[in-house]
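Participant: Have a look at the structure that comes next, please.
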Amino acid sequence: MKNALDKRWDRQLERVRAFVEEHGRLPYYSVKRKDEFPIAVWINNQKKKAKQGLLTDEHIKMLRDVGIPI
């Protein structure tokens, strides 16, 4: 059973997937598209955590599967 943090992480990843499906690209920091900014921040935070060794192999695979270069 997943804990609350895992469920939140899954919801955030789903936001990334939905964005990529709709726009055909990963989100980036943008003043014009404020809905995109929080997703881009989350992605950046996941990249930092991966570099620090704080993500599970499963999470890294899931991020790579949606096109996030880690």
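Participant: Which of Leu63, Phe19, Ile39 sits closest to the plus end of the dipole of the chain, meaning its Cα is farthest towards the positive end, when Lys and Arg get +1 and Asp and Glu get -1 on the C-beta?
Facilitator: Ile39
Participant: In debye, nearest 20, what is the charge dipole magnitude of the chain about its Cα centre with +1 on Lys and Arg Cβ and -1 on Asp and Glu Cβ, if you could check?
Facilitator: Values: 16 positive and 10 negative charges, 58 e Å.
Dipole about the Cα centre, nearest 20: 280 debye.
Participant: What's the local net charge at Asn3, with K and R +1, D and E -1, over the other residues with C-beta under 15 Å away?
Facilitator: Spelling it out: positives minus negatives among the neighbours equals +1.
Participant: I would also like to ask the following. Which trypsin sites (Lys or Arg not before Pro) in the range 33-70 pass both tests, a DSSP loop state and at most 10 other beta-carbon atoms within 10 Å?
Facilitator: Here the sparse-neighbourhood loop sites are Lys34.
Participant: Counting Lys and Arg as +1 and Asp and Glu as -1, what is the net charge of the other residues whose Cβ lies under 12 Å from the Cβ of Glu14? All intermediate terms of the calculation are to be shown ahead of the outcome.
Facilitator: Numbers: positive: Lys7, Arg8, Arg11, Arg15, Arg17; negative: Asp10, Glu21.
Cβ neighbours under 12 Å give a net charge of +3.
Participant: Counting other Cβ atoms within 10 Å of each Cβ, which chymotrypsin sites (Phe, Trp or Tyr not before Pro) in the range 8-51 have at most 14 and sit in a DSSP loop?
Facilitator: The qualifying sites are Tyr28, Tyr29.
Participant: Write down the accessible area per residue of the chain in Å², having rolled a 1.4 Å probe over the full set of protein chains.
Facilitator: Details: 5190 Å² over 70 residues.
Each residue of the chain exposes 74 Å² on average to a 1.4 Å probe.
Participant: If you don't mind, there's one more thing I want to ask. Can you send over the solvent-accessible area of Leu5, 1.4 Å probe, protein chains only, in Å² to the nearest 10?
Facilitator: 130 Å²
The values are calculated or read from the model by the stated rules, or taken from the named source; none is laboratory data. These numbers were taken from a predicted model, which means no experiment stands behind them. All Cβ positions, even for glycine, are placed from backbone atoms using ideal geometry, and neighbour counts span all protein chains on display. SASA here: full protein model, heavy atoms, side chains in, ligands and nucleic acids out. Shrake-Rupley method; radii C 1.70, N 1.55, O 1.52, S 1.80 Å.
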